[in-house]
1. Please pick out the residue among PRO142, PRO130 that is in contact (Cβ under 8 Å) with a residue 60 or more places away in the chain and either out of contact with any Phe, Trp or Tyr (no Cβ under 7 Å at 6 or more places or on another chain) or under 17 Å from ARG74 (Cα atoms) (or both).
2. Could you check segment 98-122 and list, in sequence order, the residues that are in contact with a Lys or Arg (Cβ under 8 Å, 6 or more places away or on another chain) and either outside any loop (DSSP other than H, G, I, E, B) or farther than 20 Å from TRP76 by Cβ (or both)?
3. Mind checking whether some residue in segment 92-102 is farther than 18 Å from ALA195 by Cα, modelled with pLDDT of 75 or more, of a type in the set (Lys, Arg) and out of contact with any Asp or Glu (no Cβ under 8 Å at 6 or more places or on another chain)?
4. Would you be able to say whether some residue in segment 78-91 is charged (D, E, K, R), part of a loop (DSSP other than H, G, I, E, B) and modelled with pLDDT of 75 or more?
5. Which one of SER151, SER113 is small (Gly, Ala, Ser), more than 20 Å from VAL68 (Cα to Cα), assigned by TED's automatic domain parsing to the domain that holds TRP188 and surrounded by 12 or more Cβ atoms within 10 Å (Cβ to Cβ)?
6. Please indicate, with yes or no, whether at least one residue in segment 170-193 is out of contact with any helix residue (DSSP H, G or I) (no Cβ under 7 Å at 6 or more places or on another chain), free of Cβ contacts under 8 Å to residues at least 40 places away in the same chain and outside any loop (DSSP other than H, G, I, E, B).
7. Can you tell me which residues in segment 119-145 are exposed (fewer than 12 other Cβ atoms within 10 Å of the Cβ) and either over 18 Å from SER194 (Cα atoms) or of a type in the set (Gly, Ala, Ser) (or both)?
8. Give the residue, chosen from VAL82, VAL73, that is more than 20 Å from TRP158 (Cα to Cα) and among the β-branched types (Val, Ile, Thr).
Amino acid sequence: MQALSNGIPHRPIGSQRTRPHACLARAGGAVLGVIAIILLVLAVAGFLVWFFACPCERTPGSYLFGEVVEEPVRDWTFANEVRLCQIQVATRPLPHAINLNCMATDDGELYLSCAQCDGKRWSTAALARPEARLRLDDRVYPVTLTRITDSDLKDRAWAARIKKIHALRGGALDDPPDTPRPDDDAWWSFHVESAG
C-alpha cells in the first residue's frame, strides 16, 4: 500500500483484495436465483400436468380434452359401462372438471349424482351456467345440466345408480337394491341433456 501526499493509504488499481463477505453475498444471490428458477420450472410443469391430465381420482382438473362429439345423443346407456364420468363446468379463471357418478336409466336418460353437493364448486357453477362438457372414454359431449328436484325423477336416478354399481361390481353391492334414496339435502342429481 502506498501513502498519498495527504497521508491516506492508497491501494493501487488491480491490487484490491476482494472482501470475503462480498463474495459470499454474490454466491448466495446466485444460488437463490437458481433455486427460484428451479421452483418456477417445477410449478409450471406441475400446472401443465394438472391442466392436461386431470381430473385424477379426487383431484379436480380444468379442461377436458378428447374427440368432441357434436351429434345429439338420445340414448346414454353406454355411460353405464364406465365407472365415472368427467364433467367440466364454467368457472373463472379456468374451467373446473371433476370425476362424478353418472348413470343412465334403461330408457337412456342420463343423470349425475353428488353427495353433500350444496356449495361444491362444480354444482354451484352448474346451477349458474348449465352448459357443460361431459367426457366418457376420451369422447367429449357438449351437454346441458339441470338439477332435478322432482321426487319421482330422483328415485329413477337413484335406482339407475344402484343398478349400475351392481353391474360394475359383478353383483356386489354396498347399497342393496331396496336402499332408500338419501334425503334431498344429502344427495343431489342433475339430468344431463345432449346439447349437440
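The values are calculated or read from the model by the stated rules, or taken from the named source; none is laboratory data. Here the structure is a predicted model, which means the values were calculated and not measured. Don't worry about glycine lacking a Cβ; one is built from the backbone with ideal geometry, like all the others, and counts go over all protein chains shown.
1. Residue meeting the stated conditions: PRO142.
2. Scanning segment 98-122 gives ASN99, ASN101, MET103, ALA104, TYR111, SER113, CYS114.
3. yes
4. Residues of segment 78-91 charged (D, E, K, R): 81, 83.
If we keep only those that are part of a loop (DSSP other than H, G, I, E, B) too, we end up with 83.
Cutting the leftovers down to modelled with pLDDT of 75 or more gives us 83.
Taking every residue of segment 78-91 in turn, at least one turns out to be charged (D, E, K, R), part of a loop (DSSP other than H, G, I, E, B) and modelled with pLDDT of 75 or more.
5. SER113
6. no
7. Selection gives GLY119, ALA128.
8. VAL73
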